[in-house]
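*Asks:* This is the structure I have questions about; it appears just below.
The values are calculated or read from the model by the stated rules, or taken from the named source; none is laboratory data. The structure displayed is predicted, hence computed values, not measured ones. Using ideal geometry, Cβ is built from the backbone for each residue, glycine included, and neighbour counts are taken over all protein chains shown. Please note that ligands, DNA and RNA were not included when accessible areas were found on the heavy atoms of the full protein model with its side chains. Shrake-Rupley method; radii C 1.70, N 1.55, O 1.52, S 1.80 Å.
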Amino acid sequence: MAGTAVRGRLTWQTATVDSLVDETPKVRTISLSVPDWAGHQAGQHLDLRLTAEDGYQASREYSIASAPGEPVAITVEKLDDGEVSPYLTEEVQPGDELEVRGPVGGYFIWDPAVSGTTPLLLLAGGSGVVPLRAMLRHRSRVGNSVPVRLLYSVRSLADVIYRPELDAEPDGVQVIFTLTRQQPAGWTGYARRVDQAMINDVAWPVAQAPLAYVCGPTNFVEAVAADLVALGYPPLRVKTERFGATGTP
Ligand SMILES: Cc1cc2nc3c(=O)[nH]c(=O)nc-3n(C[C@H](O)[C@H](O)[C@H](O)COP(=O)(O)OP(=O)(O)OC[C@H]3O[C@@H](n4cnc5c(N)ncnc54)[C@H](O)[C@@H]3O)c2cc1C
């Protein structure tokens with residue numbers, strides 16, 4: 001019933017931690033069991049709330065890392081001076097309970113039934129790769145074959161989230177890294193922050209009517225989106241998700 005689904009999305013519910021995967025030394029994927037989950041689309045996020053013993057509460061938003069139809073998972077990067085992310089990346093254990101609400105977000109969604117055969121350009125800064133990974137998994141699971149390029153800006157190879165999955169590059173998916181701080185010996189790929197020239201190299205031609213999804217720290221997203229529009233991408237074809245704050249992924 002539609003009313004039930006809406007109520008479910010707006011209501012805090014208890015989720016149980018099922019399993020944990022360390023993606024990098026600072027990033028962990030948390031799989032959750034959420035009994036009344038209404039289902040989600042690729043690109044949506046959820047709200048997560050923690051309550052301390054003295055009743056103090058803190059809530060944060062996290063993109064959903066799993067594809068539609070898969071158990072809910074989030075991938076959290078630890079910010080050393082953060083309130084919530086150190087707990088999620090270092091203390092939470094299987095069997096623990098958290099409160100979640102969602103899914104949230106109707107704009108930053110990739111739905112192949114709506115976008116058809118248009119090529120996808122995915123641009124990630126750091127943990128901004130999380131909702132884009134949900135899109136890639138969704139593409140594989142439904143057997144979709146639209147061509148995809150993912151440009152992923154990250155400080156070093158050791159900071160690449162989902163590395164085994166991305167290295168596997170499913171058919172039709174091209175993953176291009178730019179390593180902004182540290183490069184392994186012999187690295188021939190990009191080694192700088194994403195800029196207009198790099199986007200020019202990587203982006204699908206405007207004539208192919210591509211759809212772009214940009215996600216990461218706010219300053220990354222704003223700079224990349226502006227570069228895409230300068231290249232001729234219509235603003236409505238550039239979907240953005242800002243994780244807040246600033247940073248150099
Ligand atoms: C729609 C949405 C989806 C998000 N999805 C994810 C996700 O999939 N994975 C993930 O790890 N985070 C994600 N975030 C960010 C997340 O909500 C928190 O902001 C983040 O985990 C920091 O929370 P904290 O309590 O640890 O830090 P806080 O105590 O809130 O902040 C600590 C310090 O870090 C700075 N800071 C806050 N957020 C960031 C940031 N994103 N980058 C750099 N510095 C920051 C603050 O300015 C402050 O100085 C998302 C945010 C939004 C809005």
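*Asks:* Which of the strands (runs of 3 or more DSSP E) contained wholly in the range 41-124 include at least 1 residues that are basic (Lys, Arg)?
*Replies:* Hits in the range 41-124: 45-51, 57-63, 97-104.
*Asks:* What do you reckon, is Val148 out of contact with any Asp or Glu (no Cβ under 8 Å at 6 or more places or on another chain), open to solvent by less than 10 Å² (accessible area, probe 1.4 Å), in the same structural domain as Thr218 (by TED's automatic domain parsing) and more than 15 Å from the ligand (Cβ to nearest atom)?
*Replies:* So Val148 passes the test.
*Asks:* Would you say Leu79 is within 8 Å of the ligand (Cβ to nearest atom) and in contact with a helix residue (DSSP H, G or I) (Cβ under 7 Å, 6 or more places away or on another chain)?
*Replies:* Considered against the rule, which asks whether it is within 8 Å of the ligand (Cβ to nearest atom) and in contact with a helix residue (DSSP H, G or I) (Cβ under 7 Å, 6 or more places away or on another chain), Leu79 comes out as yes.
*Asks:* Which residue is nearest to Tyr107 (Cα to Cα), if the candidates are limited to the range 192-249 and must be modelled with pLDDT of 95 or more, within 16 Å of the ligand (Cβ to nearest atom) and open to solvent by 40 Å² or more (accessible area, probe 1.4 Å)?
*Replies:* Looking at the filtered set, the residue picked out is Arg242.
*Asks:* Determine whether the range 86-107 contains at least one residue that is of a type in the set (S, T, N, Q), at pLDDT 95 or above and over 13 Å from Val17 (Cα atoms).
*Replies:* Looking for residues that are of a type in the set (S, T, N, Q), at pLDDT 95 or above and over 13 Å from Val17 (Cα atoms), one finds none in the range 86-107, hence no.
*Asks:* Would you mind stating whether Leu123 is buried (at least 20 other Cβ atoms within 10 Å of the Cβ) and within 8 Å of the ligand (Cβ to nearest atom)?
*Replies:* Criteria not met by Leu123.
Residue-wise test of (1) without any contact (Cβ under 8 Å) to a residue 40 or more places away in the chain; (2) of a type in the set (D, E, K, R).
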position	(1), (2)
Leu79	yes, no
Pro86	yes, no
Gly95	no, no
Asp111	no, yes
Leu121	no, no
Ser127	no, no
Leu136	yes, no
Asn144	yes, no
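*Asks:* Here's another thing I want to ask about it. Could you grab me the full set of residues in the range 61-76 that are buried (at least 17 other Cβ atoms within 10 Å of the Cβ) and within 16 Å of the ligand (Cβ to nearest atom)?
*Replies:* Those that are buried (at least 17 other Cβ atoms within 10 Å of the Cβ) and within 16 Å of the ligand (Cβ to nearest atom): Tyr62, Ser63, Ile64, Ala65, Ser66, Ala67, Val72, Ala73, Ile74, Thr75, Val76.
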